[in-house]
Amino acid sequence: MTEEIQKLKQLIDGSDNIVFFGGAGVSTESGIPDFRSVDGLYSQTYKYPPEEILSRSFFDRNPEEYYRFHHDKLRLRGAQPNAAHKKLAEWEQQGKLKAVITQNIDGLHQAAGSRNVLELHGSLLRAYCARCGKPCPADTINEGDGVPRCTCGGVIRPDIVLYEEPLDADVMARAIHYIRAADVLIIGGTSLVVYPAAGLIRDYHGHKLVLVNKGETSADGYADLVIHEKIGEVFAQL
């Protein structure tokens with residue numbers, strides 16, 4: 001165990017008010033590709049840029065092309081929680097962790113046992129009709145091929161926040177509440193470049209800010225502890 005990981009362990013052992021804020025790097029060790037790394041989805045070539053495909057206007061005008069991308073790249077394909085997901089659930093059960101705030105849409109935190117999970121960008125495990133708003137089974141968007149349709153004839157869509165759509169105001173308010181009240185804030189597996197989610201770090205006013213990420217982030221300079229390693233490998237040692 002490195003000196004940095006020992007320091008992290010001491011912070012965790014000494015606190016019962018921890019909040020975790022995570023991104024794609026939390027799930028890459030479960031086999032889910034991230035969007036912005038060298039090998040991520042945004043580095044690959046499609047007929048349209050992924051940013052355009054994942055926008056609300058593109059979904060509305062070209063659901064066929066959206067679902068070709070969705071079925072090819074966004075299906076979870078049996079992904080399972082890794083050491084990071086499991087450790088966070090364990091801390092919550094011990095009463096140490098108050099909330100998991102995630103940019104991920106894969107539901108792996110809940111699969112690991114976490115209960116208070118704030119999904120900033122929604123979830124692929126929920127779906128609804130874009131026309132009538134009726135909730136629909138997640139299998140309608142994650143299984144099969146083609147464009148899934150509601151009984152009303154409308155296109156069924158995943159309950160995720162597409163580009164050009166605002167984040168859920170209630171989820172954001174709850175996230176800000178937990179971050180402001182936190183003793184220890186751990187930020188893991190995120191490059192902190194996706195706004196407005198990345199801006200949540202500004203709401204933390206404590207002195208125990210921990211960053212665990214493979215690469216450097218814009219917040220490294222004012223964090224109290226920085227660990228540049230895979231988050232699952234770090235959490236497995238705690």
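The values are calculated or read from the model by the stated rules, or taken from the named source; none is laboratory data. Just so it is clear, the structure is predicted and the values come from calculations on it, not from any experiment. Positions of Cβ are backbone-derived with ideal geometry, glycine not excepted, and every protein chain shown enters the neighbour counts. When the accessible area is computed, the model is the full protein with side chains, heavy atoms only, and any ligands, DNA or RNA have been set aside. Shrake-Rupley method; radii C 1.70, N 1.55, O 1.52, S 1.80 Å.
Listed values, structure above:
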| quantity | calculated |
| --- | --- |
| Residue count, segment 137-171 (criterion: buried (at least 18 other Cβ atoms within 10 Å of the Cβ), at pLDDT 95 or above and in a helix (DSSP H, G or I)) | 1 |
| Options Val234, Val210: the member that is open to solvent by less than 20 Å² (accessible area, probe 1.4 Å), in a helix (DSSP H, G or I), touching a helix residue (DSSP H, G or I) at 6+ places or on another chain (Cβ under 9 Å) and among the aliphatic types (A, V, I, L, M) | Val234 |
| Selection from segment 193-207 of residues that are within 14 Å of the chain's Cα centre (by Cα) and either open to solvent by 30 Å² or more (accessible area, probe 1.4 Å) or in contact (Cβ under 8 Å) with a residue 40 or more places away in the chain (or both) | Val193, Val194, Tyr195, Pro196, Ala197, Leu200 |
| Hey, Ala181 free of Cβ contacts under 8 Å to residues at least 60 places away in the same chain, open to solvent by 40 Å² or more (accessible area, probe 1.4 Å) and either among the charged types (D, E, K, R) or over 17 Å from Ser27 (Cα atoms) (or both) or not | no |
| Flag if Arg126 is over 23 Å from Lys9 (Cα atoms), in a loop (DSSP other than H, G, I, E, B), open to solvent by 60 Å² or more (accessible area, probe 1.4 Å) and touching a strand residue (DSSP E or B) at 6+ places or on another chain (Cβ under 9 Å) | no |
| Cβ-Cβ under 6 Å pairs, at least 6 apart or on other chains, segment 150-174 side of a type in the set (Lys, Arg), far side in a loop (DSSP other than H, G, I, E, B) | Arg157/Ala130 |
| Near pairs, Cβ below 7 angstrom, 6+ apart or cross-chain, from segment 31-58 (at pLDDT below 75) to any residue that is of a type in the set (Lys, Arg) | Leu41/Lys73; Tyr42/Arg36 |
| Inter-residue pairs, beta-carbon under 8 Å, first free of Cβ contacts under 8 Å to residues at least 12 places away in the same chain and in segment 208-227, second open to solvent by 20 Å² or more (accessible area, probe 1.4 Å), 6+ apart | Asp220/Val226 |
| Tally, over segment 190-204, of residues that are at pLDDT 95 or above and part of a loop (DSSP other than H, G, I, E, B) | 1 |
| Residue ranges of helices (runs of 4 or more DSSP H) in segment 1-118 with at least 1 members in contact with a Gly (Cβ under 7 Å, 6 or more places away or on another chain) and buried (at least 19 other Cβ atoms within 10 Å of the Cβ) | 63-69, 83-93 |
